[in-house]
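Novice: Pasting a structure below so you can have a look.
The values are calculated or read from the model by the stated rules, or taken from the named source; none is laboratory data. These numbers were taken from a predicted model, which means no experiment stands behind them. Cβ coordinates were reconstructed from backbone atoms using ideal geometry, including for glycine residues, and neighbour counts include every protein chain displayed.
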Amino acid sequence: MPIRKATDRDIPLIMELAQKTWWSTYTNVIPDEQINFMLEDMYSEESLKKQMESGIEFIITERENIPTGFAAFSQNDTDKQVFKIHKLYVLPSEQGRGTGKELINYISASAKKLGGNTLELNVNRGNNAQNFYLKSGFSIFQTVDIPYHQFVLNDYVMRKTI
């Protein structure tokens, strides 16, 4: 399964994939108002460009030349051995087909090359993806409630040794 680094030319594609994955992921987990707000805040062209410029690496996975998911990661500023997975989303039609696992493997290999020994991510406590992360070797490191504009993100911080 091909995985490639995204460039700023892929921003419209990432925006499209986010729209397709967020609604199926977060409906009945967080309010629609929050989904809309977060999509606009984190997945606007300007926001994605800023994220890329700040050093967050975006990757895109494809099956038969059709984009099926994306992820974004970077080295943690405070602990250079920890790499943060900021985003990992796979189209509903790809879930259960190994796409998410391939994205994690790619990120793990990239982080190891740069001296990383730990992957970290946040997942909403109501998101079924936490089961996928547990099966992928992550464990709950911390329970957090993060103020985010007018909302609160009820997350688990999960970690995995690589």
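Novice: When residues of the range 27-81 are filtered for being part of a helix (DSSP H, G or I) and aliphatic (A, V, I, L, M), how many remain?
Specialist: Qualifying residue count, the range 27-81: 6.
Novice: So residue 89 clears everything in (1) part of a helix (DSSP H, G or I); (2) touching a residue at least 60 places away in the same chain (Cβ under 8 Å); (3) touching a Phe, Trp or Tyr at 6+ places or on another chain (Cβ under 8 Å) except one condition, right? Which one?
Specialist: (1)
Novice: List pairs: first residue in the range 1-22 and of a type in the set (S, T, N, Q), second residue part of a loop (DSSP other than H, G, I, E, B) anywhere in the structure, Cβ distance under 9 angstrom, at least six positions apart or on different chains.
Specialist: The qualifying pairs are 19/43; 21/91.
Novice: Quick check, is residue 96 small (Gly, Ala, Ser), surrounded by 13 or more Cβ atoms within 10 Å (Cβ to Cβ), over 11 Å from the mean Cα position of the chain (by Cα) and not in a helix (DSSP H, G or I)?
Specialist: So residue 96 fails the test.
Novice: Taking the range 3-20 as the region of interest, how many residues are in contact with a Phe, Trp or Tyr (Cβ under 6 Å, 6 or more places away or on another chain) and in a helix (DSSP H, G or I)?
Specialist: Residues that pass the stated criteria total 4.
Novice: Please enumerate the residues belonging to the range 64-74 that are at pLDDT 95 or above and of a type outside the set (Val, Ile, Thr).
Specialist: Of everything in the range 64-74, those that are at pLDDT 95 or above and of a type outside the set (Val, Ile, Thr) turn out to be 67, 69, 70, 71, 72, 73, 74.
Novice: Name the pairs whose Cβ atoms lie under 8 Å apart, with the first residue in the range 142-162 and without any contact (Cβ under 8 Å) to a residue 12 or more places away in the chain, the second exposed (fewer than 11 other Cβ atoms within 10 Å of the Cβ), and 6 or more positions between them or separate chains?
Specialist: Pairs found: 152/145.
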